[in-house]
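Take a look at the structure set out below.
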Amino acid sequence: METDLWSYRMWTPLNAVFIIYWLSYRPDRFQPATDSAVLASFDLTNDSALIRYDLAVDLSFRNSHRYAISYLDVAASVFYNDTRLGPTDEAMPSFVQGRKNTTVLHPAFRGVVPVDTGVAVRLNRESAAGTLYLRVTVSLTLMYKVFFLDDIFFYKYDCWLWFPPPRNNTPALFSGDGTKCRRA
């Protein structure tokens, strides 16, 4: 009985500290956003088995917390119809973001990838309909340092972009104006 009383007295204050700690910086409320994007090219090559793409995206990361966030690892990839087109051309930087601050990164994606006939058919169908749907997946490793505690969190977000098909060397624009990415 004495052991149960001791554990009750010990766990109740620890639970209260944990709840206050969690509510003070709420790491689950973090979401990157898509500000804008430019799709310079997205088409099938002459043999219709390869997609050529050129995409630039502006991703904003807002720290609304009262504590700094360290971005230990930031990576992005672009997908079309669940086919991974590729990662960013250059590695995205690690950085520390101060409190109540916004940082904008500019990942670019370029390349040529082989696709199966189903993806080629869908691309032709979407181009004819007038809207292409792309997904940029952002993977993050974040570290929060609150008082004497360090916590590391791993997040993955899907940012959906839709464009009219680029035509006659005229790039297509996406104006997200801060469209929130969703947790994957």
Inset, instruction - Scan segment 158-175 residue by residue and report those that are under 18 Å from L140 (Cβ atoms) and either surrounded by fewer than 16 Cβ atoms within 10 Å (Cβ to Cβ) or not hydrophobic (A, V, I, L, M, F, W, C) (or both). - result: D158, W160
Legend entry - Scan of segment 63-74 for residues that are crowded, with 19+ Cβ neighbours inside 10 Å and modelled with pLDDT under 90, ordered by number: N63, H65, I69
Legend entry - Answer residue from segment 166-184, given it is touching a Leu at 6+ places or on another chain (Cβ under 9 Å) and in a strand (DSSP E or B) and is farthest from T103 (Cα to Cα) among those: A172
Legend entry - Breaking point among (1) touching a helix residue (DSSP H, G or I) at 6+ places or on another chain (Cβ under 8 Å); (2) at pLDDT below 90, for N81: (2)
Legend entry - Single match in L123, L142 (criterion: more than 22 Å from A108 (Cβ to Cβ) and in contact (Cβ under 8 Å) with a residue 24 or more places away in the chain): L142
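Could you list all residues from segment 72-106 that are of a type in the set (K, R) and more than 26 Å from L123 (Cα to Cα)? Before the answer, list the steps.
Our first condition is that a residue be of a type in the set (K, R); within segment 72-106, this holds for 84, 99-100.
Correct list: R99, K100.
The values are calculated or read from the model by the stated rules, or taken from the named source; none is laboratory data. Model, not experiment: these values are computed from the prediction. All Cβ positions, glycine included, derive from the backbone under ideal geometry; neighbour counts span all protein chains shown.
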